[in-house]
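Participant: Okay, handing you the structure first.
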Amino acid sequence: MAMLITGGAGFIGSNFVHYMLQHHPEHPIVNFDALTYAGNLESLRDIEDHPSYRFVKGDITNPDDVERAMQLGVDIILNFAAESHVDRSIMDPGVFAKTNVLGTQVLLDAARRHGVKKYLQVSTDEVYGTLSPSDPAFTEQTPLAPNSPYSASKAGADLMVRAYHETFGLPVNITRCSNNYGPYHFPEKLFPLMILNALEDKPLPVYGDGLQVRDWLHVSDHCRGIYLVAEKGVPGEVYNIGGNNERANIDVVKTILQILGKPESLIQHVKDRPGHDRRYAIDATKIRRELGWEPKYTFDTGILETVTWYLANEKWWSAVRSGSYMEYYEAQYKDRVKA
Ligand SMILES: NC(=O)c1ccc[n+]([C@@H]2O[C@H](COP(=O)([O-])OP(=O)(O)OC[C@H]3O[C@@H](n4cnc5c(N)ncnc54)[C@H](O)[C@@H]3O)[C@@H](O)[C@H]2O)c1
């Protein structure tokens, strides 16, 4: 099964590429990525010469770029490519509508044209909106009620995927996962930001009271779930993925400080994000029951391993923070990225 992995240079996409080459190297992979600020080939440097792996630079909103990649022979499309940061969507919603909704539609058209065996859309629990503390967790039947331009654009993409199944019979799946953490996470997101600031004794900015609850899942558990859905998911179905690890942001930050032996006085409460969702929680009964998925990490084992990874990989995160990885790859891949 030849796979087109869009957004494979991002956080979850690059972890998925590693996961596939380690556990299922029989599937040839094309990583198709525009290399926006969030795309980093440094995260894939160790596998860039693997015989089952190939990188193609391209934009999912550009049908010619997508067609060029499809010509390499694709059985399954897995769409990880997205604008993914809620704060950025509040500053500039337009690029979110373009990449996340239009880009998805361009990929769906290519999937139809080439008669792929499966189109898998990597979505998010944020499309369901927010929960109060006493609400039951999101199921696949929870109505979509996105609150940020990011989650609205992801919901729009999900509806487009659904429509291509209903209208054209395209064999699709949608996965909706809770918040991920783990290696290769861009340093603007909560986990790496807090770990790296704490390491440097800088203030740890926590939005509002820090009592926003997220349901944390280690990225490798997410990747295993995506692969299972791609392989065995019933066409047209949505699968929630989550690890039952609800934690308030402030408790995540305190745990990181504890692991690093740093004082809680580094925590600095800052003005909350507008429209900030209070709580997300995923009911993953369906993927557990129907596909036999189980997370391997508990929150405690996952957070310890993640902090340890950042301690051991300063070269990776210092290059990301300085932006030097972009210049390096501009020069390095100028002639290698074309299909
Ligand atoms: N991070 C999470 O906690 C989380 C949780 C659930 C679902 N998701 C979803 O998983 C997917 C991946 O998330 P992530 O955290 O890895 O995001 P990311 O921002 O780290 O990576 C996105 C990748 O997409 C690429 N990209 C952006 N625009 C593109 C375009 N027009 N054409 C081609 N490539 C483009 C970027 O270069 C980058 O490599 C997203 O769809 C996101 O909505 C993320």
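FYI, it's all coordinate maths here, none of it is from the lab. In this text the structure is predicted, and so the values were computed from the model without any measurement. Ideal geometry is used to build each Cβ from the backbone, glycine not excepted, and the neighbour counts take in all protein chains shown.
Participant: Over the range 70-221, one equal point on each Cα, no solvent: what is log10 I(q)/I(0) by the Debye formula at q = 0.18, 0.21 Å⁻¹?
Facilitator: Log10 I(q)/I(0), no solvent term: -1.18, -1.43.
Participant: Sticking with this structure for a sec: I'd like to compare 195-204, 105-114, 46-55: which one has the highest average count of other Cβ atoms within 10 Å, and what's the full order after that? Don't skip to the end; give the middle numbers.
Facilitator: Working: 195-204: 16.8, 105-114: 19.6, 46-55: 14.6.
Averaged packing, sorted descending, gives the order 105-114, 195-204, 46-55.
Participant: Let me ask another. With a/c under 1.5 counting as rounded, go ahead and sort the chain into rounded, prolate or oblate using the C-alpha gyration tensor (a ≥ b ≥ c being the square roots of the eigenvalues; past the cut-off, prolate if a/b is larger than b/c, else oblate).
Facilitator: Working: a/c = 1.61, a/b = 1.23, b/c = 1.31.
Since a/c reaches 1.5 but b/c is at least a/b, the shape of the chain is classed as oblate.
Participant: Which shape class applies to the range 90-140: rounded if a/c is under 1.5, otherwise prolate when a/b exceeds b/c and oblate if not, where a ≥ b ≥ c are the square roots of the Cα gyration tensor eigenvalues?
Facilitator: Values: a/c = 5.71, a/b = 1.56, b/c = 3.65.
It is oblate, given that a/c is not under 1.5 and a/b is not larger than b/c.
Participant: Of all DSSP beta bridges located in the range 190-321, what percent are antiparallel, nearest 5? Write out the running numbers ahead of the final one.
Facilitator: Numbers: 3 of 8 bridges.
Antiparallel bridges make up about 40 percent of those DSSP assigns within the range 190-321.
Participant: Then there's this: Restricting to DSSP H runs of at least four residues, report the calculated mean residue ellipticity at 222 nm for the chain, -39500 (n - 2.57) per run over all residues, nearest 500 deg cm²/dmol. Let's see the in-between values first.
Facilitator: Working: 13 runs with 139 residues, N = 339.
That comes out to -12500 deg cm²/dmol.
Participant: Considering the convex hull of the alpha carbon atoms of the range 1-155, report its projected area averaged over all viewing directions, in nm², one decimal. Let's see the in-between values first.
Facilitator: On the way: hull surface 40.2 nm².
Averaging across all directions leaves 10.0 nm² for the Cα convex hull.
Participant: Can I ask one more? Could you calculate the FRET efficiency of residue 50 with residue 271 from 1/(1 + (r/R0)^6), where r is the beta carbon distance between them and R0 is 51 Å, rounded to 0.05?
Facilitator: Details: r = 45 Å, r/R0 = 0.89.
After rounding, the FRET efficiency stands at 0.65.
Participant: Out of residues 5 or more away from residue 207 or on other chains, whose amide H comes under 5 Å of its own, with H placed 1.01 Å from N in the peptide plane?
Facilitator: 270
Participant: A follow-up question, please. State, to one decimal in nm², a quarter of the convex hull surface area for the C-alpha atoms of the range 185-257, i.e. the direction-averaged projected area.
Facilitator: Working: hull surface 24.5 nm².
If you wrap the Cα atoms of the range 185-257 in a convex hull and average its projections, you get 6.1 nm².
Participant: Nearest-5 percent of antiparallel DSSP beta bridges in the chain? It would help to have the intermediate numbers written out before the result.
Facilitator: On the way: 3 of 38 bridges.
Antiparallel bridges make up about 10 percent of those DSSP assigns within the chain.
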